[in-house]
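Enquirer: First the structure, then my questions, so here it is.
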Amino acid sequence: MSENENETGQSTPSAQSTPSEVIKVLLVDDQSLIRMGFRMVLEAADDITVVGEAADGKTALKMVKATAPDVVLMDVRMPNMNGIEATSEIIASNPNVKVLILTTFDLDEYAFAALRAGASGFLLKDAKPEELIGAIRNVAHGDATISPRVTKRMLDMFAPQLPGDQDGDQDANLVDQALLESLTDRETEVLTLIAQGLTNQEIATQLFISMTTVKTHVGNILNKIGARDRVQAVIFAYENGLVSA
């Protein structure tokens, strides 16, 4: 195997020939035809390159180490190790890698669990090519909520499964309360709107502020509550009563 081939035997660009702005994507799905279709779509984009493929979660872990992708396009239902477990392990050991979950249904409890495990968003497998490419770009650039309203529908459906104010959660509740109190009134307002499914542009319009100001508030919110991305911020808002299903 040459130095520019990955573990699946497919060639990958060398460090010298790959511009830094090119987004490296790892495809993880147990169906080879789906991987082939995604590869064809993504490689048609000038700023995206597919660095490898995996058919299950265990192989995905190895491929992340071997190819150092920016984004992992991850199926959830696979043999050996499912996408939820794989996502959790990838995020724990590679915090700079973003995981975008693939799901067949827009209200998939497995996709929701993967978001809880640290995924940056999710995408339906029947998404249009331009939606797939746009989602990869958004995740790679830190705009974790691919479809705010769809994410909100998932949270609405599964909100009853979120932890309540049980005695065993008192310490966690105290910590969350302290984090909420660290937010300014404007940051709390922005977080609430994020959790309601509004995009940055919609928040800017509703609050009569600039996009730059919204992005600054979002960054401050994520830092203060210790959230990896907007998806985790939405979950935090639901868990702490800023919005409800």
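The values are calculated or read from the model by the stated rules, or taken from the named source; none is laboratory data. None of the values given here were measured: they were computed from a predicted structure. Heads up, the Cβs are rebuilt from the backbone with ideal geometry, glycines too, and the neighbour counts pull from every protein chain shown. Side chains included, ligands, DNA and RNA excluded: accessible areas come from the protein's heavy atoms. Shrake-Rupley method; radii C 1.70, N 1.55, O 1.52, S 1.80 Å.
Enquirer: Beyond a 23 Å Cα-Cα separation, which of these cross-linked pairs lie in this structure: Lys24/Lys128; Lys65/Lys128; Lys62/Lys224; Lys62/Lys215; Lys65/Lys224?
Expert: Beyond 23 Å between Cα atoms: Lys65/Lys128; Lys62/Lys224; Lys62/Lys215; Lys65/Lys224.
Enquirer: Just the accessible area per residue of the stretch 186-236, please: how many Å² with a 1.4 Å probe?
Expert: 42 Å²
Enquirer: Let me know the Kirkwood hydrodynamic radius for the stretch 185-240, please, with Cα pairs as the basis and the value in Å to one decimal.
Expert: For the stretch 185-240, the Kirkwood estimate is 10.9 Å.
Enquirer: Compute the separation of the alpha-carbon centres of the stretch 171-245 and the stretch 112-141 and state it in Å as a whole number.
Expert: Comparing the Cα centres of the stretch 171-245 and the stretch 112-141, I get a distance of 20 Å.
Enquirer: Scan around Leu123 for amide H atoms under 5 Å from its own, H built in the peptide plane at 1.01 Å from N, and keep only partners 5 or more places away or cross-chain.
Expert: Ile101, Leu102, Thr103
Enquirer: Using a simple spin-label model with points 7 Å from Cα along the Cα→Cβ vector, what separation in nm is obtained for Thr184 and Glu131?
Expert: Label-label distance for Thr184 and Glu131, simple model: 3.7 nm.
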